[in-house]
Amino acid sequence: MALYSGKVMDHFRNPRNVGVIEDADGIGEVGNPVCGDIMKIYLKIDGDIISDVKFETFGCGSAIASSSMATEMIKGRSISEALELTNKAVAEALDGLPAHKMHCSVLAEEAIKLALKDYYDKNGISYDESLFAGIGEDEE
Amino acid sequence: MKIYADNAATTRVSQSALNAMLPYFTEEYGNPSSLHTVGQRANEAMTSARERVAACLNCKPSEIYFTGGGSEADNQAIISAAYFGARKGKKHLISTAFEHHAVLHTLKKLEKEGFTVDLLDVHENGIVTPEQVAAAITDDTALVTIMYANNEIGSIQPIKEIGAVCREKGVIFHTDAVQAAGHLHIDVQDQHIDMLSMAGHKFHGPKGVGVLYCKNGIPLVNVIEGGAQERGKRGGTENIPGIMGLAQALEDACATIDENAARLIPLRDKLIAGLEEIPHSILNGDRVHRLPGNVNFCFEGIEGESMLLLLDDKGICASSGSACTSGSLDPSHVLLAIGRVHDIAHGSLRLSIGEDITEEQIDYLIKSVKEVVEYLRSMSPFWRDLENGTRKHII
């Protein structure tokens, strides 16, 4: 379908890193069923490095593709690098998203940030609250 | 396997309709308004097409107006009936909550002009009753407009009974028969229909041409101003190839309504039974009073657009009422009107099968939908929550 780029369709058809990490160090979930999309990110963290990442997504083609691309972009990276991941970078890596689908990339960015916040909270690591300001609030 | 299961969106032009159109592009290309022979031959062809369409509806040829499609016919019918009522001080319009947007948006526009609009509830089965219509009609009612069959969920309305109520109360009755024409019997006299809209491309005719039937005595208001075409009620040079194709397709379809229904209904019901085997699924629209080719389901825990993309990969063309496919934040107003909540309306799938569908294709549809639903559920955190009890199943 011409609605999406080849990269979006590739990540939609063959999503990378789908699944669950049972003993995840951080979990982040955004969205809700009423809006029609939920994204859940599981992180495994060794020291400062995201050693493994998995996702589950309920949503449209671009939501699944955005999750897949975002997990690829942070796997093996440091926490600070993952915190810098923007929705724009995810969308660009997918060769663009239709305007009304940009919020899917926002969900991916936010799910990752929430998973990192969860990791900080669980481990009593202090952080700058402003890093996570406004995340997880109703984006619709 | 390739299966086009989106016939409610549009159909393939039949060979017979195409053959009926072709001479009017390069041979009989005259303008029906021209006085010369070439123009007059086009005019004669159009006259015969009008007679044939009228015969299919059991009305007079002078009550048939060719339009640019179903939406235009809906617009013109509703605006005309409303303004006609307003001349006598009647400014109340009755419709249903699940009409096509060509109807709903026209009603919205009239509301801004001071009309009041009542949208009747269509219940979970997607059917409005004649009693509801009778109860809603007041001395101020100018028009009742209720679709013959719903475009998404296929439910068929008791048109004749609603028509009888309107006739008895002296209220104009319009029906949007875009999904019904060529698939269900229409007899405007027997069914007490005063105005009716249809579109050629829903019954194997061409796109961009429709019909408005308007009973003599109801004055039409122009939507398109222009020349004297369509007795001055629709400006613009007539789309002769389109009109010829529409007339042929309608005649063909009306001649085979019963045999098509007899073949399609068992196949439709087999498809419904197959999809009902999927846990936490629900059929949308009445099971019996239903278009012969329409199947519409909600599947819990997944989203419609991803279903469509994966089905497309399997060669299946389908449609969905999810927000992502409607281009807005809300899922289909039709599904919301029958009481489906957002959570499950996002996971809707419409398969509208055509007359040429085979049993083998039905089996493939069932198998493919099952696979796609199962796959998408396997990666859905919503489904996981439903299965582990964190969220409650709705269906």
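Of note:
- When restricted to Cα atoms, the range B:139-218 yields an Rg and a Dmax of 12.7, 41 Å, respectively.
- As a size descriptor, the averaged projected area of the C-alpha convex hull of the protein assembly as shown was calculated at 27.3 nm².
- Column: log10 I(q)/I(0), Debye, Cα scatterers of the range A:6-122, q = 0.16 Å⁻¹: -0.63
- Among B:206, B:32, B:23, residue whose mean-square fluctuation peaks in a GNM of chain B (springs only between Cα atoms under 10 Å): B:23
- Computed [θ] at 222 nm, helices only, for chain B once each DSSP H run of length n ≥ 4 contributes -39500 (n - 2.57): -12500 deg cm²/dmol
- For the set B:60/B:215; B:207/B:270; A:7/A:117; B:314/B:367; A:40/A:113; A:44/A:75, the pairs lying more than 20 angstrom apart at their alpha carbons are B:207/B:270; A:7/A:117.
- Whichever lysines have a C-alpha closer than 23 Å to that of residue B:109, once near sequence neighbours (fewer than 8 apart) are set aside: B:88, B:90, B:91, B:233
- Taking all pairs of distinct alpha-carbon atoms in chain B, Kirkwood radius in angstrom: 21.9
- Counting neighbouring Cβ atoms within 10 Å and putting the fewest first, the residues B:119, B:311 line up as B:119, B:311.
- Summing +1 for each Lys or Arg and -1 for each Asp or Glu among the other residues whose beta-carbon sits under 13 angstrom from that of residue B:127 gives -3.
- FRET efficiency, 1/(1 + (r/R0)^6) with R0 25 Å, evaluated for residue B:341 and residue B:135 via beta carbons: 0.40
- For chain A, the longest principal axis of the Cα atoms and the long axis of helix A:102-122 meet at an angle of about 10 degrees.
- For a modelled paramagnetic label at residue B:207, 7 Å from Cα along Cα-to-Cβ, the residues of the range B:63-91 in reach, with backbone nitrogen under 18 Å, are B:67-73.
- Among residues other than residue B:105 with Cβ under 10 Å from its Cβ, the summed charge is 0 (Lys and Arg +1, Asp and Glu -1).
- Highest-fluctuation residue, A:20, A:53, A:106 considered, GNM on chain A with Cα pairs under 10 Å: A:20
- Label point distance in nm, residue A:95-residue B:371, each placed 7 Å from Cα along Cα→Cβ: 2.5
- Point-to-point label distance, residue B:317-residue B:105, nm (Cα→Cβ direction, 7 Å offset): 2.3
- Taking other Cβ atoms within 10 Å as a rough exposure proxy, A:95, A:10 sort from fewest to most as A:95, A:10.
- Once the Cβ-Cβ distance of residue A:120 and residue A:22 is raised to the sixth power relative to R0 = 25 Å, the FRET efficiency obtained is 0.75.
Quick note: the coordinates plus some simple rules give every number you see, no bench work behind them. These numbers were taken from a predicted model, which means no experiment stands behind them. Virtual Cβ from ideal backbone geometry, glycine too; neighbours counted across all protein chains shown.
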